[in-house]
Amino acid sequence: MPFITSMLDFDVIIEIGYAQEQNTVFTPKQLFLLKLGSVTTVRRRLAKLTAQGIVARHGNTRDHRSEFLTLSASTLRILEKYGSLLLSIAELTR
């Protein structure tokens, strides 16, 4: 996954993807509260991932001051392939 350049990128992607998998909304504030790094660093990494099209931001229709984070469809496909690869490796080692 060439778009992951740091552990923080990985953590951000995993947290957003987990919330998406659980069908719960996930906001930038929730991401900051996880204390993965300083707010400034997490905000910078989130902006980079958004600019690359890895993370998508969706405005909250009820409260226009907030937004929700999701992974893009292409990122989800890559993560599914990665998960399948890990499962096949685990099967081989049994």
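The values are calculated or read from the model by the stated rules, or taken from the named source; none is laboratory data. Remember, predicted model here, so these are calculated numbers, not experimental data. FYI the Cβ positions are ideal-geometry reconstructions off the backbone, even for glycines, and counts take in every protein chain you see. These area figures cover heavy atoms from the full protein model, side chains too; ligands, DNA and RNA do not enter into them. Shrake-Rupley method; radii C 1.70, N 1.55, O 1.52, S 1.80 Å.
Comparing mean-square fluctuations of ARG43, ARG65, ARG77 from a GNM of the chain with C-alpha springs under 10 Å, the top value falls on ARG65. Annotation: extensible slack from GLU21 through THR93 equals 23.2 nm (criterion: 0.36 nm per residue apart, minus Cα-Cα distance).
Calculate what fraction, in whole %, of the accessible area of the chain sits on carbon and sulfur atoms when a 1.4 Å probe is rolled over the protein chains. Don't jump to the answer; show the numbers that get you there.
Values: 3790 of 6520 Å².
Percent of accessible area from carbon and sulfur atoms in the chain: 58.
Each principal axis of the Cα atoms in region 1-52 has its own extent, and those three values, largest first, are 26, 24, 18 angstrom. What percentages make up the Cα-Cα pair-distance distribution of the chain when the bins are 10 Å wide from 0? Distribution as computed: 15, 46, 28, 9, 2, 0 percent. What you get for region 1-76, charging only the Cβ of Lys and Arg (+1) and of Asp and Glu (-1), is a dipole of about 320 debye around the Cα centre. Candidates SER74, VAL55, GLN22 compared by Cα position along the dipole of the chain: farthest toward the positive end lies VAL55, with charges placed on Cβ.
Sparse packing (at most 16 other Cβ atoms within 10 Å of the Cβ) combined with a DSSP loop state is found for the following chymotrypsin sites (Phe, Trp or Tyr not before Pro) in region 1-75: PHE3. Largest GNM mean-square fluctuation among VAL25, VAL12, VAL55, using the chain with Cα springs under 10 Å: VAL25.
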